[in-house]
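Let me begin by presenting the structure, written as structure tokens, before commenting on it.
The values are calculated or read from the model by the stated rules, or taken from the named source; none is laboratory data. Note that the structure is predicted; figures quoted are calculated from it, not measured. Don't worry about glycine lacking a Cβ; one is built from the backbone with ideal geometry, like all the others, and counts go over all protein chains shown. Heavy atoms of the whole protein, side chains included, go into the accessibility calculation; ligands, DNA and RNA do not. Shrake-Rupley method; radii C 1.70, N 1.55, O 1.52, S 1.80 Å.
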Amino acid sequence: MMVVGIVAVCLVIAVLAFFLPRLSRHPQNGTQRTLGVGSRAGSKAPGPLGRLFSMPFRSSSRAVSRSGSAGRRARGKLPF
């Protein structure tokens, strides 16, 4: 369920970054902030469990960042 939600957020951020590049920064930062809270909470677990619990949040944050930058980069390559 979480994977489907992250994929949906990435698609929304990418489309928003393509059509409204400046206005896409705030939702992207808010999503990354929320995922950062989950990562920090997961990393509080002892030992290797902390890395295991925080990993999905870190990779999701990276995916959101990549989709936003990809949308802005694609917008910059338009000929007009």
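Quick notes on this structure:
- Scanning the range 49-80 for residues that are open to solvent by 40 Å² or more (accessible area, probe 1.4 Å), in contact (Cβ under 8 Å) with a residue 24 or more places away in the chain and polar (S, T, N, Q) gives Ser65, Ser69.
- Breaking point among (1) part of a helix (DSSP H, G or I); (2) loosely packed, with under 13 Cβ neighbours inside 10 Å, for Pro46: (1)
- Considering the conditions (1) modelled with pLDDT of 95 or more; (2) out of contact with any helix residue (DSSP H, G or I) (no Cβ under 6 Å at 6 or more places or on another chain), Pro48 is excluded by exactly one of them, (1).
- Restricting Arg40, Arg22 to residues that are of a type in the set (D, E, K, R), farther than 13 Å from Ser60 by Cβ, without any contact (Cβ under 8 Å) to a residue 40 or more places away in the chain and not in a helix (DSSP H, G or I) narrows the list to Arg22.
- With respect to the conditions (1) at pLDDT 95 or above; (2) within 20 Å of Val4 (Cβ to Cβ), Pro56 falls short on a single one, namely (1).
- Comparison of Val3, Val64 shows that the only residue that is at pLDDT below 95 and assigned to a helix (DSSP H, G or I) is Val3.
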